[in-house]
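Worksheet: the structure to be examined is printed underneath.
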Amino acid sequence: MLVLLLALLPRLNDKHQGLVAATDPVLTVLLGDAVIWQGQMSKGKAKVAVAKPPSGRRYACVATMAGMMAFYTKFCDIGIEKKYELALSPVMKPGESRLVLTWAAKPKDLDIYVLAPHSNPAQPPCEVNWRQKNCHSGSVRLDRDDTNGHGPETISIFDFNPGKYIVRIDEYRGNPRAPLWAVSEATVAYYAPHCGGIFNFVDQTGYIEGRVWYVIAIDGTTRMPSACTRESCPVRPQPRNDEIGPPPELSQASTGAGHQGDQGDQRVAASAELGEVDGDTDGWDDADDADDPDDEEEEEEEHSQSGRL
């Protein structure tokens, strides 16, 4: 039996302020096309009695709730994970989009990056990330940075310019010679009113270059995504190595923490009484790092203190 406890958390940093939901979330557990279990999470709680899936197969889960975009994951490993975190994103306004990154227990920290074109094609693009939290007067904004595993991390696009918006994911402090993508279960959801939710999985979409996963390129005119190729999403400098300060291409963009909007991501945290999870999340002997260890400690501290919602 899987015992789930769901709690909608407020978007802001007020832990004492709850979120008033119009309806209870509905959770559906699937095995292929078959519905194995479905029910409401009354007051955020549910008990799910299901057997382990057949060898070589995995459950998928869908979470729905009024006023939120539907969430889907093919990595619903009942009987393995102790904790589930399902990222429910509020319905977007016409013309807006949101990217939501989630992952498993390993690696400890993934970061989402979006390279956004300028409205003036003669100007360089700007890349939003945990240090560069917004671009082009807030039209592209990092809503939430997570440093403790699972996510979600979210970037919202409020106004599109012509050109390509390139989405990539970095394994923070990962070893490019031995990245953890194979166990990461990394998923990037792209939400937009005109197309609903499009879910991109690390083992299916885009390509991997060392510790960086190049996911999708979004057409700024049609606002439709396509899977990255090496031609459509050329390899960029590896994060962290080129981000000691704002890169030259960002010199004309805002480097502030970014304003907080009303439609940031809401997290549904599902805790389950399941098996133990291996606690080793580093995957990299720090002795292999060419950077100075003191610099690593300073950078990690800065990352952990980066603006969150």
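Residues that are modelled with pLDDT under 95 and among the basic types (Lys, Arg) were ranked within the stretch 218-240; the one that is surrounded by the most Cβ atoms within 10 Å (Cβ to Cβ) is Arg240. Residues in the stretch 27-51 that are of a type in the set (Val, Ile, Thr), touching a residue at least 24 places away in the same chain (Cβ under 8 Å) and surrounded by fewer than 17 Cβ atoms within 10 Å (Cβ to Cβ): Val50 only. Residues that are outside any loop (DSSP other than H, G, I, E, B) and at pLDDT below 95 were ranked within the stretch 128-140; the one that is surrounded by the fewest Cβ atoms within 10 Å (Cβ to Cβ) is Asn134.
Of the residues in the stretch 273-286, not one is touching a strand residue (DSSP E or B) at 6+ places or on another chain (Cβ under 9 Å) and either modelled with pLDDT of 95 or more or surrounded by 20 or more Cβ atoms within 10 Å (Cβ to Cβ) (or both).
Picking from residues in the stretch 162-200 that are assigned to a loop (DSSP other than H, G, I, E, B) and touching a strand residue (DSSP E or B) at 6+ places or on another chain (Cβ under 7 Å), the one that is farthest from Ala227 (Cα to Cα) is Tyr172.
Going residue by residue through the stretch 5-25, is there one that turns out to be modelled with pLDDT of 90 or more, surrounded by fewer than 17 Cβ atoms within 10 Å (Cβ to Cβ), closer than 26 Å to Pro193 by Cβ and not acidic (Asp, Glu)? No, because not a single residue in the stretch 5-25 is modelled with pLDDT of 90 or more, surrounded by fewer than 17 Cβ atoms within 10 Å (Cβ to Cβ), closer than 26 Å to Pro193 by Cβ and not acidic (Asp, Glu).
Residues in the stretch 170-189 that are open to solvent by 20 Å² or more (accessible area, probe 1.4 Å) and closer than 24 Å to Cys76 by Cβ: Pro179, Leu180, Ala182, Val183, Glu185.
For Pro54, state whether it is at pLDDT 85 or above and open to solvent by less than 50 Å² (accessible area, probe 1.4 Å). For Pro54, the condition - at pLDDT 85 or above and open to solvent by less than 50 Å² (accessible area, probe 1.4 Å) - is not met.
Could you check, for the stretch 154-169, whether at least one of its residues is within 16 Å of the chain's Cα centre (by Cα), on the phi > 0 side of the Ramachandran plot and open to solvent by 10 Å² or more (accessible area, probe 1.4 Å)? The answer is no, given that none of the residues of the stretch 154-169 is within 16 Å of the chain's Cα centre (by Cα), on the phi > 0 side of the Ramachandran plot and open to solvent by 10 Å² or more (accessible area, probe 1.4 Å). When the stretch 190-204 is filtered for residues that are open to solvent by 20 Å² or more (accessible area, probe 1.4 Å) and out of contact with any Phe, Trp or Tyr (no Cβ under 7 Å at 6 or more places or on another chain), the ones remaining, listed by number, are Pro193, His194, Cys195, Gly196, Asp203, Gln204. Filtering the stretch 84-127 down to residues that are of a type in the set (Ser, Thr, Tyr) and not in a strand (DSSP E or B), which residue is farthest from Pro152 (Cα to Cα)? Per the criteria, the residue is Ser119.
Scanning the stretch 201-242 for residues that are in a strand (DSSP E or B) and either of a type in the set (D, E, K, R) or in contact with an Asp or Glu (Cβ under 9 Å, 6 or more places away or on another chain) (or both) returns Phe201, Glu209, Val212, Trp213, Asp219, Pro225, Ser226.
The values are calculated or read from the model by the stated rules, or taken from the named source; none is laboratory data. Note that the coordinates shown come from a computational prediction; the quantities given were computed from them, not determined experimentally. No Cβ is skipped: glycine too gets one built from the backbone with ideal geometry, and neighbour counts run over all protein chains shown. Protein only, heavy atoms only, side chains kept; ligands, DNA and RNA dropped before computing areas. Shrake-Rupley method; radii C 1.70, N 1.55, O 1.52, S 1.80 Å.
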